[in-house]
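Nothing in this text is a laboratory measurement; each read-out follows from the coordinates by a stated rule. These figures come from a predicted structure and were not determined experimentally. We place every Cβ from the backbone using ideal geometry, glycine too, and count neighbours over all the protein chains shown.
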């Protein structure tokens, strides 16, 4: 594997002292599908624009395919971008849009026709080659933008929230299509999104950004199961974050006190001693709701609380429990039978839930919280 | 009363005053002028008639058609000159000035001359270009000329220069607007496709600003075509324009029928230009989707 993108200590500050990108270093392998994920304002789009060349960094280096392109204008970089709102040329037909770069590079007309045809066939839009962008639907424009970006066979395809303007069904279909396109083309994809589901579905590797810095970088499974910080745990999927005090720590095991309950967890690499403040993270779907009177399974933690509210999600039922903490404790119940056939405790009634220690993640308490 | 009827009455109420105004002060005068253009002159009055003698005279007497052609030439030159000056200015304002406040300020600076009397602005060029003027004094002072020249004023050049100066804001405004409407990411997309700044301008920015160019050029052309102040102030005998001739037909020459015929011809030319530019703009807008 060769490195196709190397970012070295990249920083960019905008007017008004906004540190959009703050000393980021990142290597991306050839052929990888990498996603930059974060809430708006975390610097993910700025990072993409720095790589594309639309912004120049204040410091740091961008190396593309072994060449330092930090000071190169966008038209001399071996990358292509799919813009968020597609940026199709409104005065050119679909075929002219797709063939634009090739035509201006002086490629023979017959060769352009052939390659435009190939690219449009790849995105399944050959029938629309003579239409103007204004006559296409959002999904079709998206495909044109994609065809225009891949026709020059870039080393890296940059995608700036390409699916955010599409409706849910189309977005999910395009996610799969993009993934297949990535496999077919074999080039590096770098996607920017704020949608954690999209990132988990599509990428080989996800880079979670927090205020211009990398919060965590890993496979989707890594991020979900072993989040490096409460920020990541909260941003990827949903987590119950509970403040607790360590009551005992030994042999990689931690016991933490939450109200009247004592929860056991694996400490991982975290070094804590009794009396330390910690933050526990528990995924709602890893919690087991216990039937009335049923015994707590061996080795499991348990919490008791009262049912506050039910939120029906279709495939799951989210239960908000009051466990004496400031925020509600969420439990996701898999609905294996129709809702009418499921026996649910009435709101206000007391219930118990069980959690395996392996499903409790311990973070040091955030000093600012 | 039914809602639809009430709405229709309300619409009529809103539309009636401007409609009445336009009828009384636009269509009626045009109709009168149109009728006059077929009258016959019989000193010292004009006799109602239907004959094409006035129009025939315009086409056969060089005294008239040369002025018409000259006006056409001057209008084209003014339109071209103001386009060549206004486009780079508008482009600079939109794409090179990044501070919105500075941009708004500079844009205002382009517009401000419109608040000054048109007559005054035309007169200014007299003091700049005249034989005792600023430019001549400067050229003599620097030694470029040994004595003041009178070549700068009272000719077609000075008319084109003055009118270009006066009408430039009308050309900057629509071009500025059309350039501002071009999404920046289209320029980025072009660069992204490996196309450098020059060809990006020729392939993307310029075609997308054509509606603004057409509007601006049409303004400059039509306003010049009907102008008689600049040729009167800074134009010489060989820079007479059609509006001055029309003015004299209604004044000293006392030939209203001929003046009316000239006016109709000017009106037709200007309307033709406007509808032509409108049609071009329409096709352009269709392309924009």
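According to the square roots a ≥ b ≥ c of the eigenvalues of the Cα gyration tensor, what is the shape class of the range B:66-288, taking rounded for a/c under 1.5, prolate for a/b larger than b/c otherwise, and oblate for the remainder? Walk me through the numbers on the way to the answer.
Values: a/c = 2.51, a/b = 1.39, b/c = 1.80.
Judged from the Cα gyration tensor, the range B:66-288 comes out oblate (a/c at least 1.5, b/c at or above a/b).
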For this session: Extending each Cα 7 Å along its Cβ direction at residue A:266 and residue B:16, get the distance between those two points in nm, one decimal.
Result: 8.7 nm
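Before rounding to the nearest 500, sum -39500 (n - 2.57) across all DSSP H runs of length at least 4 in chain B and divide by the residue total; then give [θ] at 222 nm in deg cm²/dmol. Spell out each step's value before the answer.
Numbers: 14 runs with 203 residues, N = 289.
Helices in chain B give a 222 nm mean residue ellipticity of -23000 deg cm²/dmol.
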Exercise. When only Cα pairs under 8 Å and 6 or more residues apart are kept, what is the percent relative contact order across chain A?
Worked result: 15 percent
For this session: Using only Cα atoms, find the angle between the long axis of helix A:168-185 and the longest principal axis of chain A, and express it within 0 to 90 degrees, rounded to the nearest 10.
Result: 60 degrees
Exercise. What residue among B:44, B:174, B:207 shows peak mean-square fluctuation when chain B is described by a Gaussian network model with Cα springs under 10 Å?
Worked result: B:44
Problem set entry | Separation in nanometres of the label points that stand 7 Å from Cα toward Cβ, at residue B:42 and residue A:173 | 8.3 nm
Exercise. The range A:133-180 to the range B:114-153: how many Å between their Cα centroids?
Worked result: 61 Å
Exercise. For chain A, modelled as a GNM with alpha-carbon contacts under 10 angstrom, which of A:80, A:292, A:65 fluctuates the most?
Worked result: A:292
Problem set entry | Degrees separating the helix A:109-122 axis from the principal Cα axis of chain A, which is the longest one | 20 degrees
Problem set entry | For the protein assembly as shown, share of DSSP beta bridges that run antiparallel, in % to the nearest 5 | 80 percent
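To the nearest whole percent, what portion of all C-alpha pairs in the range B:20-156 is separated by more than 17 angstrom? The partial results should precede the final answer.
On the way: 7451 of 9316 pairs.
The calculated P(r) of the range B:20-156 puts 80 percent of pairs beyond 17 Å.
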Exercise. Along the principal axes of its C-alpha atoms, what lengths does the protein assembly as shown span, in descending order and rounded to whole Å?
Worked result: 123, 79, 52
Exercise. Label 7 Å along Cα→Cβ of residue A:204; the range A:121-156 residues with amide nitrogen under 19 Å?
Worked result: A:150, A:153-156
Exercise. Any idea what the relative contact order of the range B:66-288 is, in percent, if you count C-alpha pairs under 8 Å spaced at least 6 apart?
Worked result: 28 percent
Exercise. For the modelled label position 7 Å from the Cα of residue B:108 along Cα-to-Cβ, which residues of the range B:176-220 have backbone nitrogen atoms closer than 20 Å?
Worked result: B:176-177
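For A:234, A:167, what ranking results if the residue with the fewest other Cβ atoms within 10 Å of its Cβ goes first? Intermediate results must be reported in sequence, preceding the final value.
On the way: A:234 14, A:167 10.
Ranking A:234, A:167 by Cβ neighbours within 10 Å, fewest first, gives A:167, A:234.
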Seminar exercise, completed: For chain A, one quarter of the surface area of the C-alpha convex hull, expressed in nm², comes to 23.2 nm²
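What FRET efficiency do you get for residue A:165 and residue A:273 if R0 is 35 Å and r is their Cβ-Cβ distance, rounded to the nearest 0.05?
Numbers: r = 51 Å, r/R0 = 1.46.
That gives a FRET efficiency of 0.10.
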For this session: Evaluate the distance, in nm, between pseudo-label points positioned 7 Å from the Cα of residue A:14 and of residue B:61 along their respective Cα→Cβ axes.
Result: 6.9 nm
Problem set entry | Extension gain from residue A:114 to residue A:219, taking 0.36 nm per residue of separation minus the Cα-Cα distance | 34.0 nm
For this session: At 0.36 nm per residue, minus the direct Cα-Cα distance, what do residue A:346 and residue A:334 gain on full extension? Give it in nm, one decimal, please.
Result: 2.6 nm
Exercise. Per the Debye formula with a single identical scatterer at each Cα and no solvent contribution, what log10 I(q)/I(0) holds for the range A:70-181 at q = 0.19 Å⁻¹?
Worked result: -1.00
For this session: For chain A, find the longest principal axis of its Cα atoms and tell me its angle to the long axis of helix A:138-150, 0 to 90°, nearest 10.
Result: 60 degrees
For this session: Please work out the Kirkwood hydrodynamic radius for the range A:238-364, using every pair of different C-alpha atoms, and report it in angstroms with one decimal place.
Result: 15.2 Å
Seminar exercise, completed: For the residue A:180, residue A:294 Cβ pair and Förster radius 45 Å, calculated FRET efficiency rounded to 0.05 is 0.50
Exercise. Quick one: if the Förster radius is 56 Å, what FRET efficiency do residue B:272 and residue A:211 give, using the C-beta to C-beta distance and rounding to 0.05?
Worked result: 0.35
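Fewest to most neighbouring Cβ within 10 Å: what's the order for B:141, B:115?
Details: B:141 9, B:115 6.
With the sparsest Cβ surroundings first, the list reads B:115, B:141.
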For this session: Run the numbers on the range A:41-169 and let me know its relative contact order in percent, using alpha-carbon pairs under 8 Å that are six or more apart.
Result: 33 percent
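In square nanometres, what is the average projected area of the Cα convex hull of the range B:104-157? Intermediate values should be presented prior to the final figure.
Details: hull surface 20.2 nm².
Hull-based average projected area comes out at 5.1 nm².
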